[in-house]
Amino acid sequence: MPAVTETIDAVASVTEGPYKYGFETDIEMEFAPKGLSEDIVRFISAKKNEPEWLLEWRLKAYAMWLKMEEPRWPAVKYPAIDYQDAYYYAAPKNKPGPKSLDEVDPELLKTYAKLGIPLKEQAILAGVEGAGDSPSEGGRLPVAVDAVFDSVSVATTFKHRLEKEGIIFCAISEAVQKHPELVKQYLGSVVPQADNFFAALNSAVFTDGSFVYIPKGVRCPMELSTYFRINAKSTGQFERTLIIADAGSHVSYLEGCTAPMRDENQLHAAVVELVAMDDATIKYSTVQNWYPGDENGKGGIYNFVTKRGACRGDRSKISWTQVETGSAITWKYPSCILQGADSVGEFYSVAITNNYQQADTGTKMFHIGPRTRSTIVSKGISAGHGQNTYRGQVKISPKATGARNFTQCDSLLIGDQCGAHTVPYIESRCMSAKVEHEATTSRIAEDQLFYCRQRGLSQEDAVGLIVNGFCREVLKELPMEFAVEAQKLLQISLEGSVG
Amino acid sequence: MLKIEGLTAEIDGKQILKGIDLEVPTGEIHAIMGPNGSGKSTLSYVLAGREGYEITGGTATFNGLDLLSMEPEERAAAGVFLAFQYPVELPGVGNANFLRTALNAIRRSKGEPEVDAMQFLKLARARMKELSMPEDMLKRGVNVGFSGGEKKRNEVLQMALLQPGLAILDETDSGLDIDALKIAADGVNAMRGPNFSSLVITHYQRLLNYIVPDRVHVLMNGRIVQSGGPELAKQLEESGYTAVQAA
Amino acid sequence: MSVLFEPGPEGFLRRYEGLNARLPGHRTPWVTALREQAAKAFREQGFPTRKIEAWHYTDLNLLARSGFAEALTPVDEDVALPEATAPQRVVFLDGRFRADLAETPDSGIPVRSLGANLSAAEGLLGGVAKLDEVPMAALNTMLFEDGALIDLPAETNGGAIELLSIIQSGERPVAVHPRHVIRLGKGASLVLIERAIGRGDGRYLHNPVVEIVLEEGAHLTHARIQQEGPAGLFLSTVFAKAAAGATYDSFLLHAGAKLSRSEAYVSLDGPKAMAHLNGAQLLSDGQHGDCTTFLDHAAPDCASRQTVKTVLAGKSRGVFQGKIHVHQIAQRTDGYQMNQALLLSDQAEIDSKPQLEIYADDVKCSHGATVGELDEDQLFYLRARGIPAATARSMLIEAFLQEAVDAVEEETARNALATAVAGWWEKVA
């Protein structure tokens, strides 16, 4: 049995209900005063000991945010958010900033152990227990992890090993101190401060997140991973991730997230920016498992996230893979700006909504350079009272001669109280471009279920099997270690949806 | 007569044809055999004038006309007919309309009077009967919903109607069962005569049991490496292409 | 000589205020109440702007900036008529019902002037239209003067009828708001060919609204052929509802006009109702065409089919928006939607937004969309058979459109559409 599965089972035994990560870590925290104001923005910036230009940048974003309106076009419903009734900064006390592993609070290490996230460098995600650091042992590559707990990064593993290759992998707050020129050059260059309401909010108050720089020609020797954990009450998480892949480099990055079970709704408004130069490849995988709320729709995370990658260089490639099982509401459209000639954008998504979850997710592919190509594969699964919307835009500019897009968008409905919606926007300004979109909606057929059950599977296992089959095209895009976890998650997310 | 000299061509910067020299005198049928990737289909497309191939050197003339400088339809009017390996589907274009438009375009270019719908139907029906094709194929969209065999027979029907001076058969035998193969071969054999020549491109010797060629050429890696009589095809069937390569 | 009224919604509202004591039905309380309700809805909404999601791709600025006048066509003005597409025909000249120009065979059914027979339309007129959601329909309801009233009794076969609307335009831009009201009783059937033709090259607004009620098992074939003048603005709306077992089989053709947008709101209200919402747009240089449909599956076991094709030449812009809403009750819905755009020019633009909104689980719904230029392999295949490039292009464009027209099963309607599209490809190939 893989370690992750074991971990899930282990966590399941100490928690109640289907959500396996709902526990809370009892640790002394430091908060900024509740509410949002220019002073809070200054407070956060001062806490991080930021240079003047970054404070200015944040204040500008804040000023713009004040003038903006919350988007109303997504097909999701929620009560008005009181932006003054939340904490914008929460950090484990006395442990500001990243530390070496030895200095990390043992409570935190225990938390991550419970979540199945290895913060010990010898550990291997989903690998054999006790296997070493070397990729050859156990046949799996190690995974470097940046762990973000509420507003701060608490640990980053394998840093030194990566430094040998010239790779920078650290908390973004650390990058601001150590690599200001890189941060200044790229921060906001893909998602500008005023891009949208939540991106502006994030730009004003972001606290931490990961920073990755892969130098020219380097193939990152291991998967990089960030694990986000919201722990504190009434706290929003606003992390900011920036990944730059210089010419000819290659990186695969994983992102995971969980939060305790609470009755209240908590806001997660992250921004992720990716930049790929000539011939560079960035593969960004997410398994999103924020607390979805209970079976009556109480509590859960509002996951309002802006993720965008710029294929700046010729023949560059950005590939997004996401498995969205958590959150009360998900609002995210990982996008690609295909500027470089022959650049490639990909979006593979599985989104599950069960109980009262709502998801409005999809992608945007902007074809700007000649012969740019994009592929979109979206699998939406609705169960319970869940509402699941695919919203995707494919835009072809006049200069994107010979551009190609293919979109496949499938919805699966389980039960007659849920909804599945598909809203593609195809906008072509180029004669020689070719765009193809296909969408289907179906349900799990009775005879499929019966066939499985006649062969001895339980109802839930049968659903899990069929759902996994439905999502196969997307799951196979995940790094192997993640795929195992994702498959298990799909099944857990759908518990109680049938029968 | 088809005359190819020193023909080189590339696709996306990759050289496929590396200097082809070939003569097919009028009235003769020549076979070109070769393994996959040897450049067989490229040669047929280059002769028919498909876009996407860059001719980097050499010449190809048919009855003295410089094929390489002509538009695809001009080559067709000059009598060059390509039977496609993968005939293209044209949804919404009726087979009858397509055939008659093509026939009249070629007749026009020769200064011959166009055929009207009735004359055409009579002509087409006669040819279709010879090829054992059901008449409803005329009403359907060109190649739409046709089986692999039906598509190939449709190619032979077009050849029979358009009466080309040079027929290039690109792997016409692929995907055909033995009965369909015989029908297709009969179609070609029926065209044999002093004013007809043909280039039969095939991977296997099988088709050449039914269309007996005057000459056989072996194409490998973009060049013709061996030429001979019909016996060469049999020899290849027994020893395989690797033997030629080794020789 | 009438003066232009001021531009924008205000102009139309002021015109309504000045005219409402003279509009048809001004002494009939339910009509005046309906007009008042429409005026209120139009006042609140104004012209739709691109900020509204459903109008993101079509800009009505040209309409909002223009001032219009009323048509002052003499009631007996003579006009040359195109060949009829159906045995029975009624003619509207500049929006006015012209009984003298109608062609009614012995087997013909009664088609009345709505303006002259409003009392017969009580309960029908305004019964299906959504005034609060569709400002152009509110505008029409506020100002309509005439249109056709067809109320076909149960189990009647009404044959095929052409509704021909001719608008003459010149220097003075006119605005015409025809209103057609059609009810097919239980089991009745009708082929309706609604044709809009523009004469002259001046600017005008043609804003027809059609309300359709199909009772149980009724069958309506509705071909809409828009061949407006080159500066015409065509904004049309169809509201249709189909009861159990009824079929609404429609086809929309946009061939003319500077700017055209046709909206269809179709609701399948009874089990086993069926809708076809097919269409084609032929857009040349300077034209903007928008086909927008909203289809409600509001009952179980209904089916819908939609194929819309757009061909764009020169500097033209095409829009397709098709929303299928499957209500929770609408189990066993079978919905299929396909939209395809063919771009013939570097300056052509297409925006396509198919949309599925599904709240029932036992459904079979799919949609597809393709955008591209003429297929190179197909062109080569044709040319390799000796067909010149221009002919080959024109054959492929024809084939592309033919597929759409072939979806119309009813012969009279299909022939009318085939005639209307014929030859277009030769101009643009």
Discussion item. Beyond a 30 Å Cα-Cα separation, which of these cross-linked pairs lie in this structure: C:LYS186/C:LYS323; A:LYS434/C:LYS130; A:LYS399/C:LYS51; A:LYS164/A:LYS332; A:LYS184/A:LYS298?
Written reply: A:LYS434/C:LYS130; A:LYS164/A:LYS332; A:LYS184/A:LYS298
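Give, as a single signed number, the net charge of other residues whose beta carbon lies under 15 Å from the beta carbon of A:ASP314, with Lys and Arg counted +1 and Asp and Glu -1.
On the way: positive: A:LYS216, A:ARG312, A:ARG315, A:LYS317, A:ARG371, A:ARG373, A:LYS399; negative: A:ASP246, A:ASP278, A:ASP279, A:ASP342.
Computed value for this residue: +3.
If Lys and Arg each add +1 and Asp and Glu each add -1, what is the summed charge of the other residues whose beta carbon sits under 12 Å from the beta carbon of C:PHE144? Intermediate values should be presented prior to the final figure.
Numbers: positive: C:ARG35, C:ARG96, C:ARG179; negative: C:GLU145, C:ASP146, C:GLU211.
Counting the neighbours of C:PHE144, the net charge comes to 0.
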Practice prompt. Mind listing the long-range amide H neighbours of B:GLN226? Cut-off is under 5 Å, sequence gap 5 or more, other chains count too, H placed in the peptide plane at 1.01 Å from N.
Written response: B:VAL218
Worksheet item: What are the residues whose amide H is under 5 Å from the amide H of C:GLY322, where those residues sit 5 or more places off or on another chain and H is modelled from the backbone?
Response: C:THR293, C:LYS353, C:GLN355
Worksheet item: Peptide C:373-380: average number of partner chain Cβ atoms within 10 Å per residue?
Response: 5
Worksheet item: In the neighborhood of C:ASP362, defined by Cβ-to-Cβ distances under 12 Å, what is the net charge if each Lys or Arg adds +1 and each Asp or Glu adds -1?
Response: -2
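What average number of partner chain Cβ atoms lie no more than 10 Å from the Cβ of the residues making up B:44-56?
Details: counts 0, 2, 0, 0, 4, 3, 6, 5, 2, 0, 0, 0, 0.
Counting Cβ atoms of other protein chains within 10 Å of each residue's Cβ and averaging gives 2.
Using a Förster distance of 51 angstrom, determine the FRET efficiency expected from the C-beta separation of B:SER109 and C:ASN20, and round it to 0.05. Show your work: numbers first, answer last.
Numbers: r = 68 Å, r/R0 = 1.34.
Calculated transfer efficiency: 0.15.
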Worksheet item: Which residue, chosen from A:SER378, A:ALA403, A:THR361, occupies the Cα position most advanced towards the positive end of the dipole of region A:359-445, where the dipole is computed from +1 (Lys, Arg) and -1 (Asp, Glu) charges on Cβ about the Cα centre?
Response: A:ALA403
Practice prompt. Provide A:TRP73, A:TRP65 ordered by accessible surface of protein heavy atoms (probe 1.4 Å), highest first.
Written response: A:TRP73, A:TRP65
Discussion item. I need the phi-derived Karplus couplings for region A:248-254: 6.51 cos²θ - 1.76 cosθ + 1.60, θ = phi - 60°, integer Hz, Gly and Pro marked x.
Written reply: x, 8, 8, 8, 10, 10, 10
Practice prompt. Report A:SER225's accessible area, 1.4 Å probe, all protein chains in place, as a number in Å² to the nearest 10.
Written response: 10 Å²
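Could you rank C:ASP146, C:ASP406, C:ASP151, B:ASP12 by how accessible they are, 1.4 Å probe, largest area first?
B:ASP12, C:ASP406, C:ASP151, C:ASP146
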Worksheet item: In region C:337-391, what trypsin sites (Lys or Arg not before Pro) fall in a loop by DSSP, with at most 13 other Cβ atoms inside 10 Å?
Response: none
Item to complete: Could you pull the accessible area for B:MET118 with a 1.4 Å probe, rounded to 10 Å²?
Response: 130 Å²
Worksheet item: Farthest toward the dipole's positive end in chain C, which of C:SER113, C:LEU19, C:TYR265, given Cβ charges of +1 (Lys, Arg) and -1 (Asp, Glu) about the Cα centre?
Response: C:LEU19
Worksheet, complete the sentence: Any residue on another chain or 5+ positions along whose placed amide H is under 5 Å from the amide H of C:GLU194 is listed here as C:LEU163, C:ALA223, C:ARG224, C:ILE225
Worksheet entry | Value at 222 nm in deg cm²/dmol, rounded to 500, when DSSP H runs of n ≥ 4 in the protein assembly as shown each add -39,500 (n - 2.57) | -7500 deg cm²/dmol
Discussion item. Using a 1.4 Å probe on the protein heavy atoms only, what accessible surface does B:GLU135 show? Give it in Å² to the nearest 10.
Written reply: 100 Å²
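Are any of the pairs B:LYS40/B:LYS129; B:LYS139/C:LYS315; B:LYS3/B:LYS110; A:LYS77/A:LYS307 more than 24 Å apart by Cα-Cα distance, and if so, which? Don't jump to the answer; show the numbers that get you there.
On the way: B:LYS40/B:LYS129 31 Å; B:LYS139/C:LYS315 36 Å; B:LYS3/B:LYS110 22 Å; A:LYS77/A:LYS307 22 Å.
Correct reply: B:LYS40/B:LYS129; B:LYS139/C:LYS315.
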Discussion item. Order C:ASP377, C:ASP106, C:ASP361, B:ASP186 by their accessible area, 1.4 angstrom probe, all chains in place, largest first.
Written reply: C:ASP106, B:ASP186, C:ASP377, C:ASP361
Worksheet item: Tell me, what ³J(HN,Hα) does each residue in region C:219-224 have, in order and in whole Hz, if you take phi through Karplus 6.51 cos²θ - 1.76 cosθ + 1.60 with θ = phi - 60° and put x for Gly and Pro?
Response: 9, 10, 9, 10, 9, 10
Worksheet item: With a ≥ b ≥ c the root eigenvalues of the C-alpha gyration tensor of chain C, is it rounded (a/c under 1.5), prolate (a/b larger than b/c) or oblate?
Response: rounded
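Decide, for the protein assembly as shown, between rounded, prolate and oblate: order the square roots of the alpha carbon gyration tensor eigenvalues as a ≥ b ≥ c, take rounded if a/c falls under 1.5, and otherwise choose prolate if a/b is larger than b/c, else oblate. Walk me through the intermediate numbers first.
Numbers: a/c = 2.01, a/b = 1.12, b/c = 1.81.
Because a/c hits 1.5 or more and a/b fails to exceed b/c, the protein assembly as shown counts as oblate.
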Practice prompt. Identify the trypsin sites (Lys or Arg not before Pro) of region B:147-207 meeting these criteria: DSSP loop state and at most 16 other C-beta atoms within 10 Å of the C-beta.
Written response: B:ARG192
Worksheet item: Most fluctuating residue of B:GLN163, B:GLN85, B:GLN235 in a GNM of chain B with Cα springs under 10 Å: which is it?
Response: B:GLN235
Worksheet item: Across the residues of B:76-85, average count of Cβ atoms on other protein chains within 10 Å?
Response: 3
Response to the item:
For region C:358-367, Karplus-derived ³J(HN,Hα) couplings (6.51, -1.76, 1.60; θ = phi - 60°; whole Hz; x for glycine and proline) come out as 10, 10, 10, 8, 8, 10, 10, 10, 8, 9
Worksheet item: When chain B is treated as a GNM, springs tying every alpha-carbon pair under 10 Å, which of B:ILE11, B:ILE201, B:ILE29 comes out with the largest mean-square fluctuation?
Response: B:ILE11
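Could you grab the Rg to Rh ratio for region A:436-499? Cα atoms only, Kirkwood for Rh. It would help to have the intermediate numbers written out before the result.
Values: Rg = 13.0 Å, Rh = 12.9 Å.
Using Cα coordinates only, the ratio equals 1.01.
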Worksheet item: Where a ≥ b ≥ c are the square roots of the eigenvalues of the C-alpha gyration tensor, would you call region A:363-484 rounded, which needs a/c under 1.5, or, failing that, prolate if a/b is larger than b/c, or oblate?
Response: prolate
Discussion item. Can you list the DSSP H helices in chain C whose Cα atoms extend at least 20 Å along the helix axis and whose mean Kyte-Doolittle hydropathy is 0.0 or higher?
Written reply: C:389-406
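Which value, in debye to the nearest 20, describes the size of the charge dipole of the protein assembly as shown about its Cα centre when Lys and Arg Cβ atoms bear +1, Asp and Glu Cβ atoms bear -1, and nothing else is charged? List each step's numbers first, then the result.
Working: 117 positive and 149 negative charges, 266 e Å.
Using only the charged Cβ atoms, the result is roughly 1280 debye.
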Discussion item. Cut-off 10 angstrom, C-alpha nodes, Gaussian network model of chain C. Which of C:LEU19, C:LEU282, C:LEU235 fluctuates the most?
Written reply: C:LEU19
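How high is the relative contact order of region C:8-375, given as a whole-number percent (alpha carbon pairs under 8 Å, six or more residues apart)?
Computed over region C:8-375, the figure is 10 percent.
The values are calculated or read from the model by the stated rules, or taken from the named source; none is laboratory data. Everything numeric in this text was worked out from a predicted model, so none of it was measured. As a convention, Cβ positions derive from the backbone with ideal geometry for all residues, glycine included, and neighbour counts pool all protein chains shown. These accessible areas exclude ligands, DNA and RNA; they are computed on the full protein's heavy atoms, side chains included. Shrake-Rupley method; radii C 1.70, N 1.55, O 1.52, S 1.80 Å.
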